[in-house]
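Participant: Quick one: the structure is below, and I'll ask about it shortly.
The values are calculated or read from the model by the stated rules, or taken from the named source; none is laboratory data. Keep in mind it's a predicted model, so treat the numbers as computed, not measured. Glycine also receives a Cβ, built like all others from the backbone with ideal geometry; neighbour counts cover every protein chain displayed. Protein only, heavy atoms only, side chains kept; ligands, DNA and RNA dropped before computing areas. Shrake-Rupley method; radii C 1.70, N 1.55, O 1.52, S 1.80 Å.
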Amino acid sequence: MYKAPRGTSDILPQEQAYWKYIEEKAAYLCQLYGFQPVATPIFEDSQLFARTISGGTDIVDKEMYIFEDRSGQKLALRAEGTAPVCRAYLEHGLFNLSQPVKLYYIGPAFRYERPQAGRYRQHHQFGVEAIGSADPALDAEVIELAQRFLLSLGLSRFYIHLNSIGCNLCQPNYIEALQHHYSGYRAHLCPDCQTRLLKNPLRLLDCKKASCQKAAETAPKILDFLCPECQSHFQSVQQYLKTLGIPFKLNHRLVRGLDYYTRTVFEVVPQKEGAQSALLGGGRYDNLIEQLGGKPTPAVGFASGIERLILNLKEEKANTPPLPKPVACIAYLGEEAKNEAIKLASELRQAGIAVIKTTGDKSLKGQLRQANSLGTNYAIIIGEREVRAQSAILRDMMNNKQKIVPLSEITAALSQ
Ligand code: AMP
């Protein structure tokens, strides 16, 4: 027997209600905030991710799904959504539109991770990108959208963590200080952090391993190193968040996993003790478009993992509306009745009434059992006698009361 590959899952109908719910809320809010939908391919030139996310990150060093196609081109399954959207922004000249260009997407991302609850090799992200403005009010707007999105889903037990990681001018001084500080702890650091110390020092702060906590606790803080422009930008972001009444926690250890972030970074984490898995993460990436060959273009966005949202919705026992059920199940006895049942099902569906028609030659009892298990409100039963009278038995499955209704009046009866 084949199984879904490790770290991937089938999304069966009973789970789909969550997906539809989340996707509809996302689309509704994006429309309110002026974000338009965009879709990019599932695979891209592998360099798109390798260059933008950069070496020294787990995604590029260990997690990308890379393959060669038949022409020998090196491709990668989409590892995250931001670089592809920026590639599309440049490729289609969206910089010619009025800025910022505000886009959102919902789609799968692939990372070769060690699968565990809330961490998969194929997961799905809802993400927004606002490209073409450095205004700190846009950072606040994107964070507000993130908060509204989670609240509108029915999630409430989360914190918004906020930090600024500076820009090309001030970050290098901080990284030097960080490297200097961590060098004193080199012997105690985990093997990953030994590598980070050389290749990606900012990520040192992100390490959750016990061996690295002492160094992290006493590490210099980036906020003390910000240049005046970054300081003023970060002050404004905080001021606008206060204006909007959005609570946040400053977290000087928040650096995010991807290298292209500048200035504002934020993450939304569940309040649950020990929960380490972010519901959502984002920030500014003012250098990314330039890195891809465009003009310097500031931008800000976030992405949220849909599987993680569903885990949290279940944990918080949030009410999600069920998928709509069929209204009626049509049962029949005999070949002539089957013919009428086929016709009736077609007419009802034409009228926009969702029905299930049983199949095969089950007994009437078997067919009614099916109606029960489908949870339909009504069963419509057609036997030989009903065919002759051109009528059907309409049974209310809630109270088991039934009446005879002419076939020509069933649609009207169910429409009520
Ligand atoms: P990132 O692109 O790493 O910033 O991730 C954005 C969001 O996607 C995270 O906040 C998570 O909600 C979700 N996410 C990231 N990686 C995974 C994964 N392997 N499995 C499930 N969700 C993930």
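Participant: I need every pair where a residue in segment 288-314 that is hydrophobic (A, V, I, L, M, F, W, C) has its Cβ under 7 Å from the Cβ of a residue that is part of a loop (DSSP other than H, G, I, E, B) and open to solvent by 20 Å² or more (accessible area, probe 1.4 Å), sequence separation at least 6 or different chains.
Facilitator: Listed pairs, sorted by first residue: A299/G132; A299/D286; L311/A117; L313/G154; L313/T320.
Participant: Quick one: which of D361, D259 is within 15 Å of the ligand (Cβ to nearest atom), of a type in the set (D, E) and modelled with pLDDT under 90? First the steps, then the outcome.
Facilitator: On the way: D361 fails: within 15 Å of the ligand (Cβ to nearest atom).
It is D259.
Participant: Just to verify a result, which residue in segment 333-345, among those that are of a type outside the set (D, E) and open to solvent by less than 70 Å² (accessible area, probe 1.4 Å), is nearest to T376 (Cα to Cα)? Let's see the steps before the verdict.
Facilitator: If we filter segment 333-345 for residues that are of a type outside the set (D, E), which is where we start, we get 333-334, 337-339, 341-345.
Filter once more, keeping what is open to solvent by less than 70 Å² (accessible area, probe 1.4 Å): 334, 337-338, 341, 344-345.
Numbers: G334: 23, A337: 20, K338: 19, A341: 16, L344: 16, A345: 14 Å.
Here the residue is A345.
Participant: Same structure, new question: Are there any pairs, at least 6 apart or on different chains, whose C-beta atoms fall under 6 Å, with the first in segment 367-380 and more than 17 Å from L344 (Cα to Cα) and the second open to solvent by 50 Å² or more (accessible area, probe 1.4 Å), and if so, which?
Facilitator: L374/I356; G375/K325
Participant: Starting from residues that are within 10 Å of the ligand (Cβ to nearest atom) and open to solvent by less than 10 Å² (accessible area, probe 1.4 Å), keep the ones in segment 306-320 and report whichever is farthest from V101 (Cα to Cα).
Facilitator: L309
Participant: Just checking, does segment 273-286 include any residue being modelled with pLDDT of 95 or more, assigned to a loop (DSSP other than H, G, I, E, B) and of a type in the set (S, T, Y)?
Facilitator: yes
Participant: Here's another thing I want to ask about it. For segment 368-388, give me the residue count where each residue is surrounded by 12 or more Cβ atoms within 10 Å (Cβ to Cβ) and either closer than 13 Å to L333 by Cβ or touching a Pro at 6+ places or on another chain (Cβ under 8 Å) (or both).
Facilitator: Total meeting the criteria: 12.
Participant: Does segment 133-152 contain any residue that is surrounded by 19 or more Cβ atoms within 10 Å (Cβ to Cβ), in contact with a strand residue (DSSP E or B) (Cβ under 6 Å, 6 or more places away or on another chain) and under 27 Å from K199 (Cβ atoms)?
Facilitator: No, because not a single residue in segment 133-152 is surrounded by 19 or more Cβ atoms within 10 Å (Cβ to Cβ), in contact with a strand residue (DSSP E or B) (Cβ under 6 Å, 6 or more places away or on another chain) and under 27 Å from K199 (Cβ atoms).
Participant: Being within 16 Å of the ligand (Cβ to nearest atom), open to solvent by 60 Å² or more (accessible area, probe 1.4 Å) and among the charged types (D, E, K, R) is the filter here; which residues of segment 85-132 pass it?
Facilitator: If the condition is that a residue be within 16 Å of the ligand (Cβ to nearest atom), open to solvent by 60 Å² or more (accessible area, probe 1.4 Å) and among the charged types (D, E, K, R), then R114, R119 are the ones that fit.
Participant: Just for helices (runs of 4 or more DSSP H) wholly inside segment 1-92: which have at least 3 residues that are within 18 Å of the chain's Cα centre (by Cα) and hydroxyl-bearing (S, T, Y)?
Facilitator: Helices (runs of 4 or more DSSP H) meeting the threshold: 13-32.
Participant: When the residues of segment 112-154 are filtered to those that are under 16 Å from V269 (Cα atoms) and either part of a loop (DSSP other than H, G, I, E, B) or not assigned by TED's automatic domain parsing to the domain that holds A299 (or both), which remaining residue is modelled with the highest pLDDT?
Facilitator: Per the criteria, the residue is G154.
Participant: Just need a number here: residues in segment 352-364 that are open to solvent by less than 60 Å² (accessible area, probe 1.4 Å) and among the basic types (K, R).
Facilitator: 1
For every residue, the table says whether it meets (1) over 30 Å from D286 (Cβ atoms); (2) in contact with a Leu (Cβ under 6 Å, 6 or more places away or on another chain); (3) surrounded by fewer than 18 Cβ atoms within 10 Å (Cβ to Cβ).
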| residue | (1), (2), (3) |
| --- | --- |
| S304 | no, yes, no |
| K325 | yes, no, yes |
| R349 | yes, no, yes |
| G366 | yes, no, yes |
| M397 | yes, no, no |
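Participant: Checking Y174 against (1) open to solvent by 70 Å² or more (accessible area, probe 1.4 Å); (2) closer than 25 Å to I53 by Cα, which test does it fail?
Facilitator: Here Y174 meets the rest and fails (1).
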